[in-house]
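Below is one structure; the comments refer to it alone.
The values are calculated or read from the model by the stated rules, or taken from the named source; none is laboratory data. Since we're looking at a predicted model, the values are computed, not measured. A quick note on method: Cβ atoms are made from the backbone with ideal geometry, for glycine too, and the neighbour counts reach across all protein chains shown.
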Amino acid sequence: MMGSSQRNVTILAIESSCDETAAAVVRNGREALSNVISSQIALHTLYGGVVPEIASRKHIEKINQVIEAALSEAQMHLAEMDAIAVTYGPGLVGPLLVGVAEAKAIAYAAQKPLIGVHHIEGHINANYIENKELEPPFLCLVVSGGHTHLVQVTDYGKYEILGRTRDDAAGEAFDKVARAIGLGYPGGPKIEQVSKEGSPDAIAFPRAKVAENPYDFSFSGVKSAVLNYINGCNMKNIPIVQADIAASFQKAVTDVLVEHAMMAVEEFQVHKFAIAGGVASNAALRNGMRKACEQRNVEFYHPSPVFCTDNAAMIGTAAYYEYLAGRRDGWDLNAVPNLKLGER
């Protein structure tokens, strides 16, 4: 196969694992020629969280329009694509099936290779889009609504998980605490906004450690501590200061994430550290990581917020390295809602 230096490899990518219908055209794994996202946040806010059935129907409505918009924005035609890529897991089974069925249909009709991409792998690869100089090996912390993983990226497409959450993902804890203090959905951005008015040192919420693996995370304890604190205030008629709870909770989560990440940086003596996933757009987390990395002379990488939340450009980037490695999927590619990182 010809190397990427000799010709361009252009991939049409589709992402529909949760409540964003997204398509992108990515060239040579580093350049997003287009990145179109149709978000359903306003719709799911009515229900206080993502309703899978509604998400699936919305994906069906939007997916053709989003793909057409991505091709149009890139000023390219389907015939010019080298491959069709799609997220096949992990995620919500209904939404995943919409994307996988669409990608298979397009790939079959246009006679293009099909490449299934792991959603978390996509988040990690989002760092390559704006950081052209970033190459493995490096450490990456993936923090999103459904996942919290500390990963050693040993090479393109090769990952070793050092730690993962034992219960709630970081983003999930943000959503649950936001609901408890009356902020509603989506929790992450709302807690970040309100925290600016509060004191991060107002309330000492716990920072959990997992005995068997120092790199694993547990966020159900801090979530429970927030709920207990609110109940205690209500019983004693103590006023609840929403901003202080939000800021103190955010700091408790950020402290744990930074501490675990830097422990791994020191143990494995890495010089490059990246964050990825929806929670990676949180300014408190970014600033905490940036400071910690600067103190250790470690290069710190992160995607722009648009590439932190679910998007298809990151799927196209991950697919490019799969394409170079010669990996193709058959028409039997299926949605795998509980797909583990590193599984094929």
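Brief remarks follow.
- Note on the range 150-187: among residues that are of a type in the set (Asp, Glu) and part of a helix (DSSP H, G or I), the one that is surrounded by the most Cβ atoms within 10 Å (Cβ to Cβ) is 175.
- Selection from the range 295-338 of residues that are outside any loop (DSSP other than H, G, I, E, B), of a type in the set (Asp, Glu) and under 28 Å from residue 38 (Cβ atoms): 322, 329
- Test for residue 313: is it closer than 21 Å to residue 133 by Cβ, modelled with pLDDT under 95, buried (at least 16 other Cβ atoms within 10 Å of the Cβ) and not aromatic (Phe, Trp, Tyr): no
- Here residue 69 meets the list (1) small (Gly, Ala, Ser); (2) touching a Ser or Thr at 6+ places or on another chain (Cβ under 8 Å); (3) buried (at least 19 other Cβ atoms within 10 Å of the Cβ) almost entirely, failing just condition (3).
- Matching residues, the range 261-276, being part of a helix (DSSP H, G or I) and either in contact with a Lys or Arg (Cβ under 9 Å, 6 or more places away or on another chain) or not assigned by TED's automatic domain parsing to the domain that holds residue 151 (or both): 262, 265, 266
- Condition met for residue 332 (of a type in the set (D, E, K, R) and under 16 Å from the mean Cα position of the chain (by Cα)): no
- Of residues in the range 210-247 being of a type in the set (D, E, K, R) and loosely packed, with under 14 Cβ neighbours inside 10 Å, the one farthest from residue 192 (Cα to Cα): 212
- Taking the criterion of being buried (at least 16 other Cβ atoms within 10 Å of the Cβ) and closer than 18 Å to residue 149 by Cβ, the only residue of the range 192-209 that qualifies is 208.
- Exactly one residue out of 264, 247, 252 is of a type outside the set (D, E, K, R) and under 21 Å from residue 131 (Cβ atoms): that is 264.
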